[in-house]
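*Asks:* Quick one: the structure is below, questions incoming.
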Amino acid sequence: MALRMAVDNALVGRVLSAPVVLQDGGRLYDAGTRLHERDIEFLRAFGITAVDVTDEPGGPKRNDRSTVPRPKDGHPSGGAADRPRERPKAAASEKAAYSALMESGLRRIALGASPPLGEWRAMIKAWLAEDADPLFWVGLIRHEPRPEIHPHRYLADHAVRVGRLSLHIARLLGMSEAEQTQAALAGLLADAGMWRLEGRLLHHPGLYSAEERRAMQRHAELGYERLKGRMGISAEAAFSALLHHERMDGSGYPLALHGERIPRLVRIVSVADALTAGACARPHRPAKSWWAIVSEVLGSQAFAAEVREALLATLRRLPAGARVRLVDGRVATIQESSAEQPLLWTLVVGEKTLPMSALKDVVAVEV
Ligand SMILES: [Fe+2]
């Protein structure tokens with residue numbers, strides 16, 4: 001007999017009697033799936049409030065599928081390179097699932113437990129199969145001016161973006177798939193120590209005092225403590241937690257390392273982290289526009305030249321006519337760009353050429 005049950009922890013261990021289907025038709029779970037704690041988080045993340053289950057809490061386990069959501073065709077990402085891009089709704093569902101997976105995994109690390117590395121690797125494998133467009137990264141830098149999202153959800157979203165962007169940069173640098181996987185893992189784990197900070201620091205509304213800033217900066221060491229020597233986590237990934245705020249000019253923390261002493265993978269993650277974080281508002285600081293954060297990071301000698309150059313080189317491929325969105329909601333078109341300075345664009349709206357100062361108002365680039 002089938003029962004209709006609300007989505008809460010009482011569902012853990014229950015077996016689905018009917019598939020769970022998303023609004024856009026994508027199938028999240030098949031009938032016969034036994035629900036684990038993370039599945040409950042997925043269901044919540046997708047806005048599903050009730051499911052049909054068998055009346056046998058200890059019913060037989062019929063499949064051994066990954067909890068990375070599978071669209072109808074069964075591919076973990078639904079986004080292989082030879083298929084058209086995801087429809088926006090499916091992409092939003094996927095993003096929520098990735099965030100939920102990261103949130104539960106990063107919480108576990110903070111508590112001293114092992115992260116669900118198998119599921120993370122399945123997620124990274126899906127990323128390896130997509131995102132071949134060299135300009136993919138421009139869409140990952142998303143201007144989010146409102147900081148009201150819960151800090152833990154922000155940190156989970158941030159981890160996903162840094163992981164994906166780190167993988168993409170590794171690919172642009174011609175690194176192997178194994179190295180791209182390590183770059184993604186290093187990006188996912190970079191801010192693992194943030195989950196060990198006091199809540200008052202994460203919710204902090206205004207500027208940090210010097211003492212609070214030092215407490216915040218401890219997240220680098222706190223993350224490293226949890227990750228070093230842990231089975232399945234490479235030394236590079238653990239070092240990314242410790243060193244992702246180090247800078248090529250020695251201006252970073254916690255060790256003020258210079259240039260070549262910073263591992264290559266960490267240099268990649270540092271750029272991914274800075275680009276991703278700067279575009280999102282936090283309670284203690286406003287968001288920078290897409291153009292402001294990209295030109296700041298890619299123009300700074302504090303970040304690795306090879307990484308900056310690889311990203312700038314892709315911008316030289318932006319076609320004339322590419323559209324950008326301005327902070328006031330207007331859509332402008334790039335009429336001309338400079339090969340030497342790939343972020344110097346001439347923007348037009350209709351017949352009108354905008355002043356150079358409008359560049360700092362660019363909050364999104366469509367590719
Ligand atoms: Fe950080």
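*Asks:* What relative contact order, as a whole-number percentage, does the stretch 323-365 give when Cα pairs under 8 Å and 6 or more residues apart are counted?
*Replies:* This gives 42 percent for the stretch 323-365.
*Asks:* Can you sort 94, 211 by how many other beta carbons sit within 10 Å, fewest first?
*Replies:* Working: 94 22, 211 8.
Least to most surrounded, the residues fall as 211, 94.
*Asks:* Follow-up. Sum up the charges of everything whose Cβ sits under 11 Å from the Cβ of residue 125, counting Lys and Arg as +1 and Asp and Glu as -1, but leave residue 125 out.
*Replies:* Numbers: positive: 121; negative: 119, 130, 177.
Local net charge: -2.
*Asks:* If we count other beta carbons within 10 Å of each Cβ, what is the order of 356, 123, fewest first?
*Replies:* Numbers: 356 11, 123 27.
Going from sparsest to densest Cβ surroundings: 356, 123.
*Asks:* Rounded to the nearest 0.05, what FRET efficiency do residue 177 and residue 235 have when you use their Cβ-Cβ distance and R0 = 22 Å?
*Replies:* E between residue 177 and residue 235, to the nearest 0.05, is 0.70.
*Asks:* Using a 10 Å cut-off around each Cβ, can you sort 234, 357 from fewest to most neighbouring Cβ atoms? If you can, show how the numbers build up before the last one.
*Replies:* Numbers: 234 16, 357 7.
By the 10 Å Cβ count, ascending: 357, 234.
*Asks:* What is the spin-label model distance, in nm, from residue 121 to residue 305 if the labels are put 7 Å beyond Cα along the C-beta direction?
*Replies:* 3.8 nm
*Asks:* Follow-up. Distance cut-off 27 Å, Cα to Cα: go down the list 288/352; 125/228; 125/288 and report the pairs above it.
*Replies:* The answer is 125/288.
*Asks:* How high is the relative contact order of the stretch 88-315, in percent, with contacts defined as C-alpha pairs under 8 Å that are six or more residues apart?
*Replies:* 23 percent
*Asks:* Evaluate E = 1/(1 + (r/R0)^6) for residue 341 and residue 113, where r is the Cβ-Cβ distance and R0 equals 56 Å; express this FRET efficiency to the nearest 0.05. Spell out each step's value before the answer.
*Replies:* Details: r = 48 Å, r/R0 = 0.86.
With R0 = 56 Å, the Cβ-Cβ based efficiency is 0.70.
*Asks:* In addition: For residue 12 and residue 218 in the same chain, what is the full-extension length gain: residue separation times 0.36 nm, less their Cα-Cα distance, in nm?
*Replies:* 70.6 nm
*Asks:* Residue by residue through the stretch 185-201, which ³J(HN,Hα) values in whole Hz follow from phi under the Karplus form 6.51 cos²θ - 1.76 cosθ + 1.60 (θ = phi - 60°), with glycine and proline marked x?
*Replies:* 5, 4, x, 4, 9, 3, 9, 4, x, 4, 6, 9, 7, 5, x, 5, 6
*Asks:* How far apart, in nm, are two points set 7 Å out from the Cα along the Cα-to-Cβ line at residue 367 and at residue 31?
*Replies:* 4.4 nm
*Asks:* Enumerate the calculated ³J(HN,Hα) couplings along the stretch 249-258 in order (Karplus 6.51 cos²θ - 1.76 cosθ + 1.60, θ = phi - 60°), each rounded to whole Hz, writing x wherever the residue is Gly or Pro.
*Replies:* Whole-Hz 3J(HN,Hα) from phi for the stretch 249-258: 8, x, 8, x, 9, x, 10, 6, 5, 10.
*Asks:* Could you give each residue of the stretch 301-312 its phi-based ³J(HN,Hα) in whole Hz, using Karplus coefficients 6.51, -1.76, 1.60 with θ = phi - 60°, and x for Gly or Pro?
*Replies:* Once θ is set to phi - 60°, the couplings for the stretch 301-312 become 6, 6, 10, 4, 4, 5, 6, 4, 5, 5, 6, 4 Hz.
*Asks:* Could you tell me the calculated FRET efficiency between residue 261 and residue 313, based on Cβ-Cβ distance and R0 = 22 angstrom, to the nearest 0.05?
*Replies:* Numbers: r = 26 Å, r/R0 = 1.18.
The calculated FRET efficiency here is 0.25.
*Asks:* For a quick check: with amide H placed at 1.01 Å from N, whose amide H comes under 5 Å from residue 250's, ignoring anything fewer than 5 positions away on the same chain?
*Replies:* 259
Only the coordinates and a few stated rules stand behind these numbers; no lab work does. Quantities reported herein were computed from a predicted structural model and do not represent experimental measurements. Glycine also receives a Cβ, built like all others from the backbone with ideal geometry; neighbour counts cover every protein chain displayed.
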